[in-house]
């Protein structure tokens, strides 16, 4: 199954564009994700713990480019089922981080509350294609 999901392209600063993808979290609540093609792992806001099914024991090191020379220590989690368009995603594994600083940045230019960053792990698994002209993300199982 192939699904097309509209994306929003926002300009945080002059010529600094971010792609925003909507999702539907458990219970019908909307969640907004930044598509981050440079991230190796998807990240979810640990403050939204009501959408996290399992927090795995132990920690993982996440290397975040341009944020710090030192890796961030994160927890790993599995999300409750969510929808990206018509695509249902079960057991999505994510790194869990406090995303308040990201939301403070976004609040300056948009009303979106960012719940996560979609990294290359997700984009590869669902054969993602970004169509900038039509402003859609195409995903397939």
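Any read-out appearing in this document is the output of simple, stated calculations on the displayed coordinates, not a laboratory observation. The structure presented is a predicted model; accordingly, all values stated were derived computationally and were not measured.
Considering the chain as a Gaussian network with a 10 Å cut-off on Cα pairs, which listed residue, 37, 74, 110, attains the greatest mean-square fluctuation? Result for the chain, Cα springs under 10 Å: 110 fluctuates most.
Calculated on the alpha-carbon coordinates, the convex hull of the chain measures out at 109 cubic angstrom per residue. Result for the chain in a Gaussian network model with C-alpha springs under 10 Å: among 83, 124, 97, the largest mean-square fluctuation is at 124.
Springs between Cα atoms under 10 Å define the GNM used for the chain, and in it the highest mean-square fluctuation of 46, 80, 88 occurs at 88. Applying Stokes-Einstein at 25 °C and 0.890 mPa s to the Kirkwood radius of the range 15-54, computed over alpha-carbon pairs, gives a translational diffusion coefficient of 207 µm² s⁻¹.
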